[in-house]
Structures are given as structure tokens and as C-alpha cells.
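Visitor: Sending over a structure as C-alpha cells; questions will come in a sec.
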Amino acid sequence: MEKLRNECRNIERQIRDIQREEKNVQKSIRDAAKRNDMVSAKSLAKEIVRSRRTVNRLHENKAQLNSISMHLGESVAIARTVGHLSKSAEVMKLVNNLIKAPEMAVTMQEFSKEMTKAGVIEEVVNDAVDTALDSEDIEDEIEEEVDKVLTAIAGETAAELPEAARKERVKQPAQRSHEVFDDVIAEDVDDEEEMEEIRARLAKVRS
């Protein structure tokens, strides 16, 4: 139970870090839009879209952790009456869901082993989740959200740009996109140590 509470607190910290970092990125997007640098602006906007999706996943993970904690509490209460822990199909379902979440995989694999030993769930079969087929659809969805993010953050500056510039797709490789992202952020950060800290946070968001 304590491990679940610690993990919930860790998720809350991750969410705060991502949301705090987004403010820096928003400033960089506005600066890029003023320079009419739509390649950088769209790369940054795409990172914000991805970051917000990560935050949504983290909120979902936290909700499922809270559900596991609640069901375990009920199981312990019943165990005090009947003298043993009973298997919980609901806990098993939630654990399986969380093991598939990239941010939770390692933690939940360890947790599932403990719960299996305690007799709360059956042994989890960790099937590899193939997301390759979904990646193209996800990229299309992200592209659709980028213009909305640009308009919301850059406002009139983005709206005044030529239609062709606003609709231009970023065709650079993913690694180059991240390099542009880091370079634009670097323009607003003078302290090297602070820059390294920001890059470390961004690495977590991208994972």
C-alpha cells in the first residue's frame, strides 16, 4: 500500500514538472512565431501535444493506482474476517492495464510479483504490446492538434502567417526535431546547469 502511495506522489511530481516545463516551451513558441520560424514553432508545438498526452496518461495511471489501493484495502478487510486473502479479478485487470503503460511497466511488474506471492492475483503474463500499427494514426492525430496549439499559444502572430506556412508539415527526422526543440529552448537559458536540468526533464517527457 505504501508503495502505491509513493508511486502516486511520484506521478504528481512528474505532472508538475511537465506542466512547469510547458510554460518555457510556450514562450519559445511565441518567440519562434514572431521570427516567422514555423519549423521550430511546429516542432515545439508538437512536443507540447505529446507532453499533454503524457500528462493525460499519468492522470489515468494515478486513477488506476488509487483503484488498486481501494480494492486492496477491501481485500485486507475481508481477510481479517475469513482469515486469508482472496484473489481479486479487479486488481488483476488494473495491474494488467498499468503494466502496458510505458511509465508504469517496471514498477507494476515488481508490484505484480508481490501481489502474486500474497495470493491477491494470478501470475501476470507480460505480453509485448505492439504499438507499431498505431504509431501512424497517432502521428496524424498529433499533427491535427499542432495548429490548434499554435493558435492558442501564439495567437494573432500565428494567425497572421501565410496559410501555406501554417499548414506546412514538418518533414525532418524525429531526432532533428528534438535538436531544434533543444536549441530553441537554449536561446532562453543562459545557465548551462539549468539547461541540462531542462533537457533531463524533456527526456522524461519523450520516453
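Visitor: Restricted to the stretch 44-69, and to residues that are at pLDDT 90 or above and among the small types (Gly, Ala, Ser), which residue is farthest from Lys100 (Cα to Cα)?
Guide: Ala45
Visitor: Provide a single number: the residues in the stretch 85-112 that are acidic (Asp, Glu) and free of Cβ contacts under 8 Å to residues at least 24 places away in the same chain.
Guide: Qualifying residue count, the stretch 85-112: 2.
Visitor: I would also like to ask the following. Could you run through the stretch 1-18 and say how many residues are among the aliphatic types (A, V, I, L, M) and in contact with a Ser or Thr (Cβ under 7 Å, 6 or more places away or on another chain)? Working first, answer last.
Guide: Filtering the stretch 1-18 for residues among the aliphatic types (A, V, I, L, M) gives 1, 4, 11, 15, 18.
Then drop every residue that is not in contact with a Ser or Thr (Cβ under 7 Å, 6 or more places away or on another chain), which leaves 1, 4, 18.
So the answer is 3.
Visitor: Specify which of the listed residues (Val39, Val25) is surrounded by fewer than 20 Cβ atoms within 10 Å (Cβ to Cβ), in a helix (DSSP H, G or I) and aliphatic (A, V, I, L, M).
Guide: Numbers: Val25 fails: surrounded by fewer than 20 Cβ atoms within 10 Å (Cβ to Cβ).
Answer to the selection: Val39.
Visitor: Can you find a residue in the stretch 46-67 that is acidic (Asp, Glu), more than 21 Å from Glu143 (Cα to Cα) and part of a helix (DSSP H, G or I)? Please lay out each step first, then the result.
Guide: Going through the stretch 46-67, the residues acidic (Asp, Glu) turn out to be 47, 60.
Filter once more, keeping what is more than 21 Å from Glu143 (Cα to Cα): 60.
Next cut, part of a helix (DSSP H, G or I) only: 60.
Yes, the stretch 46-67 contains a residue that is acidic (Asp, Glu), more than 21 Å from Glu143 (Cα to Cα) and part of a helix (DSSP H, G or I).
Visitor: Quick test for you: out of Arg80, Arg9, pick the one residue that is modelled with pLDDT of 80 or more and loosely packed, with under 15 Cβ neighbours inside 10 Å.
Guide: Every option except Arg9 fails the conditions.
Residues checked against (1) at pLDDT below 75; (2) surrounded by 14 or more Cβ atoms within 10 Å (Cβ to Cβ); (3) assigned to a helix (DSSP H, G or I); (4) touching a strand residue (DSSP E or B) at 6+ places or on another chain (Cβ under 7 Å):
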residue: Val76; (1), (2), (3), (4): yes, no, yes, no
residue: Ser86; (1), (2), (3), (4): yes, no, no, no
residue: Glu103; (1), (2), (3), (4): no, yes, no, no
residue: Thr116; (1), (2), (3), (4): no, yes, yes, no
residue: Val125; (1), (2), (3), (4): yes, no, no, no
residue: Ala128; (1), (2), (3), (4): yes, no, no, no
residue: Ser135; (1), (2), (3), (4): yes, no, yes, no
residue: Glu143; (1), (2), (3), (4): no, yes, yes, no
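The values are calculated or read from the model by the stated rules, or taken from the named source; none is laboratory data. Remember, it's a predicted structure, so these values are computed and weren't measured experimentally. Heads up, the Cβs are rebuilt from the backbone with ideal geometry, glycines too, and the neighbour counts pull from every protein chain shown.
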